[in-house]
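Right, one structure below, let's go through it.
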């Protein structure tokens, strides 16, 4: 199935999971709702002033396969709101909270993570619209929170016949972990994939996640399948090598071979 590739990396990312007010966790991979919102921002899909929500239904046919190049690490941010009699927190009914209005919350983020995403769809007109918009987005693009801007432009490859196959060949944005001293050298790297369709390989059962957007700021569940695949260690970055330099080498060799 045709589509395109995204690469999402930044010092900080946040992919919100179901939460209470005082604890806001992050998923360990980009959610469908966040990826849909990213493309919606690039396309310039605006919120309806009457409802306060955007109609993203035109992006529903898109499918996503996430390759976790670097899982990163989860970090906690301690936050407070309010804290003085004249700075208490507003409430929905109007006015402010009575008494000491200080609220405490924990926000969880991903540090130093990197993901490559295969976006696929039979509607080539839709995928071409998305890739054109990603080259010149209408609204700023960010990775879960407005302050978390991508380290690189998200669009990696546009209009390819099989983006999922390209994930297997594209260099990994990670360094290879050498074998412990005395062990045999490892010539493969284990990489986790998050699939939104059943691979029919007899592997582990899917996990239910609530990240599929519906109209009115609502979400529904979907199944995702986590699978670990082996890549040649040569697809990893060399010591001190930058991701863009690695990509340049890869595409130069590919163009020469063709």
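Any idea what angle helix 243-257 forms with the longest principal axis of the chain, computed on alpha-carbon atoms, 0 to 90 degrees, nearest 10?
On a 0 to 90 degree scale, this one is about 40.
Using a Gaussian network model on the chain with a 10 Å cutoff between Cα atoms, which of 72, 40, 203 fluctuates the most?
With Cα springs under 10 Å in the chain, the top fluctuation among 72, 40, 203 is at 203.
Per DSSP H run of n ≥ 4, the term is -39500 (n - 2.57); total these for the chain, divide by its residue number, and report the mean residue ellipticity at 222 nm rounded to 500 deg cm²/dmol. Show your work: numbers first, answer last.
Values: 4 runs with 46 residues, N = 258.
My calculation for the chain gives -5500 deg cm²/dmol from helical runs alone.
Classify the stretch 1-86: rounded, prolate or oblate, from the alpha-carbon gyration tensor (a ≥ b ≥ c, eigenvalue square roots; a/c under 1.5 rounded; otherwise prolate if a/b is larger than b/c)? Don't jump to the answer; show the numbers that get you there.
Numbers: a/c = 2.65, a/b = 1.29, b/c = 2.06.
Oblate.
First check a/c for the stretch 99-179, with a ≥ b ≥ c the square roots of the eigenvalues of its C-alpha gyration tensor; if it is under 1.5, answer rounded, and if not, answer prolate when a/b is larger than b/c or oblate otherwise. Intermediate values should be presented prior to the final figure.
Working: a/c = 2.83, a/b = 1.45, b/c = 1.96.
Note, shape of the stretch 99-179 comes out oblate.
Using only the alpha-carbon atoms, how far is helix 32-43 inclined from the longest principal axis of the chain? Give it as 0 to 90 degrees, nearest 10.
Computed tilt is about 90 degrees.
Taking log10 I(q)/I(0) by the Debye sum over Cα atoms at q = 0.10, 0.12, 0.17 Å⁻¹ as the quantity of interest, determine which of (1) -0.65, -0.84, -1.23; (2) -0.58, -0.81, -1.46; (3) -0.46, -0.67, -1.42 was computed from the displayed structure.
Only one listed value fits the structure, namely (2).
What is the angle, in °, between the Cα long axis of helix 124-135 and the longest principal axis of the Cα atoms in the chain? Nearest 10 is fine, range 0 to 90.
70 degrees
Test of understanding: in a Gaussian network model of the chain with alpha carbons linked when under 10 Å, which of 65, 53, 31 would top the mean-square fluctuation ranking?
Highest fluctuation of the listed residues: 53.
May I ask you to derive the relative contact order of the chain, considering only C-alpha pairs under 8 Å and at least 6 residues apart, and to give it as an integer percent? Numbers along the way, then the final one.
On the way: 511 pairs, mean separation 69.8, N = 258.
Relative contact order for the chain comes out at 27 percent.
Computed from the coordinates by the stated procedures, all read-outs in this text should not be read as laboratory data. Keep in mind that this is a model prediction, so the values were computed, not measured.
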